[in-house]
Amino acid sequence: MENQEEFDRLVAPIRKTTWRFYAIIAPLIAIVAVGVYAYYVQFTTGLGVTGMNNYVSWGFYISNFVFFIGVSHAGTLISAILRVSGAEWRKPITRMAESITVIAISIGALFPLIDLGGPLRILNLFAYGRIQSAILWDFISIATYLTGSLLYLFLPLIPDLAAIREQQVGGPFRRRLYGFLSMRWKASPGQKRRLKRGIAIMAVLIIPIAVSVHTVVSWIFGMTLRVGWHSTILGVYFVGGAILSGIATIIIAMAIFRRAYHLERWIKPSHFRNLGLLMLVMELVLLYFTLSEYLTAAYGSESADSAWLGSLAFGPYAYLFWGMVAGGFLAPVFILALTRVKSVAWLVTAAVMIDVGMWFERFLIVVPAMATPQMPVSWGTYTPTWVEWSITAGAFAGFALLYAVFSKLFPLVSIWEVSEETPVTEPVPRPAGEEVTP
Amino acid sequence: MTDGKAQGEASDDATPKRKDGMDRRKFLKIAGIGAGAVAVLALGSGYLMNKIIPASQDPRLRGSSAQSWVMLIDLQKCDGCGACTLACQKAHYVPFNQQWIQVYTVTDDTGGTYHLPRPCFMCRNAPCAKVCPVGATYVDPDGIVLVDQTRCIGCRYCMAACPYNARSFNWLQPSYPPEALAHPYSPEDPYPVGKGVAMKCVFCAAMVRKGTLPECTRGCPMGAIYFGNEYDDAVTNSKGETIPFRSTLQTQGGFRWKEELGTDPRVYYLPARR
């Protein structure tokens with residue numbers, strides 16, 4: 001390793017684990033355990049333990065599915081798009097983004113399974129799968145996405161793992177793990193060339209795959225004849241929202257790990273600033289989509305459209321809807337657009353608001369459209385039960401837990417990439433006014 | 001970011017990695033064999049599953065193209081008593097909280113009210129069958145949309161796709177009396193069934209093939225529900241009245257629910273006021 005001190009600091013979280021780590025993961029494990037127990041209850045009793053019914057037959061689970069698959073777009077954007085466009089500043093944050101992708105897909109892909117009435121009959125998908133069904137499209141694209149993201153996370157890990165293996169980091173289990181995963185990496189010119197080529201190919205491949213994944217997720221809804229779903233904007237709306245929630249999540253993760261593992265030297269205010277600008281752009285794009293979606297429905301005011309919109313704006317979902325518009329869209333735009341408040345703390349605040357707003361948005365797409373009456377009958381109602389709350393909480397805790405464990409097994413910053421010579425003419429956009437204060 | 005291909009090949013031999021046992025050719029070979037094996041397994045399992053049920057016993061292939069069932073409901077005659085729903089629930093051991101035929105009370109634009117019995121509309125272009133990921137929902141040769149509950153994985157995409165709320169779900173395990181438990185399950189008469197599967201009106205598929213009217217039709221004291229074979233161009237109600245199908249629709253203002261969706265239902269209505 002060219003820079004031993006840099007290496008030591010970046011693998012420090014792997015070398016030593018303090019009581020703080022256990023203090024954080026213990027409650028996470030407890031929440032996941034409650035979620036697992038809730039699923040056990042649901043598995044043995046039936047989906048009747050949830051708040052879903054014959055009118056609102058999809059609820060929290062499908063909302064979580066859309067949300068987590070959306071968050072998984074973090075890795076694609078930061079890592080693949082920035083890599084392809086040659087933005088060198090991405091280097092210290094790519095690994096964090098890519099690991100979010102893999103963890104979020106893994107959690108998100110569980111939800112359609114949790115939502116199944118007959119999970120034991122899942123193999124029918126292989127025996128009788130119909131490619132005409134959007135669920136098959138989803139199954140194929142998410143499986144492809146997970147495979148591709150795993151490869152895309154794994155390839156740039158190889159040189160780091162080889163270095164860690166050489167330095168004898170960790171106990172016997174981890175040493176064997178690193179030995180196995182580093183695949184006899186010797187940093188020979190041929191290996192380096194092939195690795196770079198592999199990464200480049202994956203970076204290009206993963207972008208259309210990611211776009212297809214969230215488009216196809218939206219098509220599950222868009223292909224039906226339901227008011228609120230049967231709309232051409234759904235594909236881009238979902239992809240835009242996915243990228244937005246992905247950026248918000250990576251900003252939160254960066255802030256947490258930067259503080260916990262003292263990564264200030266690599267994760268600089270400029271990273272937050274650049275991502276903050278990207279987040280602002282995506283936020284504006286999403287506002288535009290939202291306006292297009294709802295104004296088109298409102299202006300034409302077809303009776304079914306009006307009923308659905310009325311339930312969002314004035315009905316039982318009004319708090320969530322206006323909460324999303326004000327707290328998830330408008331307020332973060334102001335925070336992000338005002339240069340004077342562009343500190344890390346403010347950025348993280350905006351990111352949290354955006355993530356919460358995006359979860360609302362997913363829920364507001366799934367549930368009100370189902371509650372809107374399709375026949376001359378009263379509105380469907382949906383009140384999630386403790387089972388759904390517990391499983392949802394378990395998923396979020398599981399996400400954090402997996403991420404924490406990942407940070408103890410693998411370096412969160414790509415060591416070999418940051419130790420490569422940084423180009424002198426790095427384009428760092430500077431705001432006209434203030435310098436960023438961390 | 002990538003090197004040129006020619007340059008890559010030239011320096012390939014200089015790398016010591018070849019001796020490690022995994023070169024590109026070998027990797028590609030293994031990957032190819034793996035992908036092939038997965039494809040063979042996937043296709044083979046589907047083929048085998050189809051072979052396990054001989055075609056003669058496949059309930060999906062029962063019925064014949066000589067029948068094309070249709071239902072005609074005269075809304076003027078319906079008084080909303082709900083006897084159709086009860087008859088259906090009793091005969092099919094319909095699980096608690098489900099109404100395979102549901103009677104809505106509708107207030108129309110004039111402020112008047114009428115009653116609208118809604119069975120499954122048995123769409124010729126069925127959105128539910130279109131979206132089913134495993135083909136558990138299918139249209140039988142007589143045009144009846146059925147659910148094979150042994151295949152259903154319970155994703156409820158069909159419920160999301162149905163524009164008429166005609167589907168129910170076994171959220172919990174239904175309870176059955178002993179005689180129902182002894183009944184042999186078939187998609188045409190789906191009981192007993194377990195939890196976590198989609199349920200719906202079956203147009204009494206097994207009965208109608210034997211020449212009996214469906215339960216709801218027989219159970220309607222007003223004779224509002226007519227049922228018959230489209231090819232015979234005649235439909236019959238509980239009072240034994242048989243009326244011509246096409247010409248009745250044409251002269252009495254026959255319509256279907258949400259016709260604009262293009263689902264092409266097999267259930268027709270005559271208006272409540274005409």
For residues in the stretch A:85-116 being buried (at least 22 other Cβ atoms within 10 Å of the Cβ) and small (G, A, S), which is nearest to the other protein chains (Cβ to nearest Cβ)?
A:G108
Please verify whether A:W379 is over 30 Å from A:L157 (Cα atoms), at pLDDT 95 or above and surrounded by fewer than 16 Cβ atoms within 10 Å (Cβ to Cβ), treating the condition exactly as stated.
no
Which residue out of A:V66, A:V36 is crowded, with 20+ Cβ neighbours inside 10 Å and either outside any loop (DSSP other than H, G, I, E, B) or acidic (D, E) (or both)?
A:V66
Those residues of the stretch A:117-131 which are facing another protein chain (nearest Cβ under 7 Å) and not β-branched (V, I, T), in sequence order:
A:G117, A:G118, A:R121, A:N124, A:L125, A:F126, A:A127, A:Y128, A:G129, A:R130
Please pick out the residue among A:L286, A:L312, A:L291 that is more than 22 Å from the chain's Cα centre (by Cα) and crowded, with 19+ Cβ neighbours inside 10 Å.
A:L312
May I ask you to verify whether B:Y191 is in contact (Cβ under 8 Å) with a residue 60 or more places away in the chain, of a type in the set (S, T, Y) and in contact with a helix residue (DSSP H, G or I) (Cβ under 8 Å, 6 or more places away or on another chain)?
yes
Looking only at residues that are aliphatic (A, V, I, L, M) and buried (at least 19 other Cβ atoms within 10 Å of the Cβ) in the stretch B:85-102, which one is farthest from the other protein chains (Cβ to nearest Cβ)?
B:A87
Meets criteria (within 14 Å of another protein chain (Cβ to nearest Cβ) and modelled with pLDDT of 95 or more) for B:G196
yes
Just to be sure, is B:D142 closer than 25 Å to B:G254 by Cα and among the acidic types (D, E)?
yes
Residues in the stretch A:200-238 that are facing chain B (nearest Cβ under 10 Å) and in a helix (DSSP H, G or I): how many?
6
What residue, among those in the stretch A:122-159 that are of a type in the set (S, T, N, Q) and under 22 Å from B:G196 (Cβ atoms), is surrounded by the fewest Cβ atoms within 10 Å (Cβ to Cβ)?
A:N124
Please determine, by comparing only the residues of the stretch B:59-84 that are of a type in the set (A, V, I, L, M) and farther than 25 Å from B:K239 by Cβ, which one is nearest to the other protein chains (Cβ to nearest Cβ).
B:L61
In the stretch A:160-199, the residues that are crowded, with 20+ Cβ neighbours inside 10 Å, within 14 Å of another protein chain (Cβ to nearest Cβ) and in contact (Cβ under 8 Å) with a residue 40 or more places away in the chain
A:I199
Have a look at B:T113, B:T137, B:T105, B:T150 and point out the one that is within 14 Å of chain A (Cβ to nearest Cβ), surrounded by fewer than 19 Cβ atoms within 10 Å (Cβ to Cβ) and farther than 25 Å from B:C220 by Cβ.
B:T150
Quick one: is A:Y61 without any contact (Cβ under 8 Å) to a residue 12 or more places away in the chain, farther than 30 Å from A:Q168 by Cα and in a helix (DSSP H, G or I)?
no
Pairs returned, first residue in the stretch B:251-266 that is assigned by TED's automatic domain parsing to the domain that holds B:V103 and on the phi < 0 side of the Ramachandran plot, second residue that is basic (K, R) and at pLDDT 95 or above, beta-carbon separation under 6 angstrom, 6 or more apart or interchain, are B:P265/B:R256
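The values are calculated or read from the model by the stated rules, or taken from the named source; none is laboratory data. If you're wondering where the values come from, they're calculated on a predicted model, not measured in any experiment. Methodologically, a virtual Cβ is constructed for each residue, glycine included, from the backbone with ideal geometry; neighbour enumeration extends over all protein chains shown.
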